[in-house]
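All of the numbers you see were taken from the coordinates with simple rules; none came from a lab. Note that the coordinates shown come from a computational prediction; the quantities given were computed from them, not determined experimentally. For neighbour counting, all protein chains shown are included, and Cβ atoms are generated from backbone atoms with ideal geometry for every residue, glycine included.
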Amino acid sequence: MTPFYQLTATRLRGQPLSMADYAGKVVLVVNTASHCGFTPQYAGLEALYKKYAAQGLVVLGFPCNQFGKQEPGGADEIEQTCHVNYGVSFPMFEKVDVNGPAAHPLFRYLKQALPGVLGGRIKWNFTKFLIGRDGTPLTRFCAVHDAGENGSLHCRGPHALSVPIMPRSPSGGWLPHTR
């Protein structure tokens, strides 16, 4: 069993869940916030989830208040933002720390497996980690990589990078594919 599948987290309403429940699926783990300039990314993440859920993609949202105190509310406020304002249907989890000594074990593992360009720390809300069907961390996307309505992750700005999430590679796994 890969280390990813040995980890657990608690859903927004308190139910514990093992990452092993997602064995065989492609998982996109995202640290989120309700009052962030990137909060509208919920809509793109939901579009990505709906487009590929039947093919085995699951998006997991982890609210975090470590960046500018942009997730100050409790479960009710988080649920309001996600479900009512953005129509989020993918699983949301309890608020966690992603950096520092109290960082959730899932994020400690993902940062070690996929360090960022400037080191392991997560720099801001809406950092994304893509995990393959076998539980192997594949790639990390910084906050400016937005999940667009066309079912891809892309970077805003003059050097836009489009990374469609392909259902299957020739080897049978899900991999990011650059154009």
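Straight-distance candidates among the lysines for linking to K50, with alpha-carbon spacing under 20 Å and chain neighbours fewer than 8 residues away dropped: K25, K128.
Can you give the local net charge around N99? Use residues other than it whose beta-carbon is closer than 12 angstrom to its beta-carbon, Lys and Arg +1, Asp and Glu -1. Could you put the intermediate results ahead of the total?
On the way: positive: R108, K111, R121, K123; negative: D97.
Around N99, the charge tally is +3.
Between amide H atoms placed 1.01 Å from N, distances below 5 Å from T32 occur with F62, C64, F126, all of them 5 or more places distant or on a separate chain. Rounded to the nearest 5, the antiparallel percentage of DSSP beta bridges internal to region 23-151 is 50%.
Across region 24-37, computed HN-Hα scalar couplings (Karplus, 6.51 cos²θ - 1.76 cosθ + 1.60, θ = phi - 60°) run x, 10, 8, 10, 10, 8, 9, 8, 10, 7, 7, 10, 10, x Hz from first to last residue, x flagging Gly and Pro.
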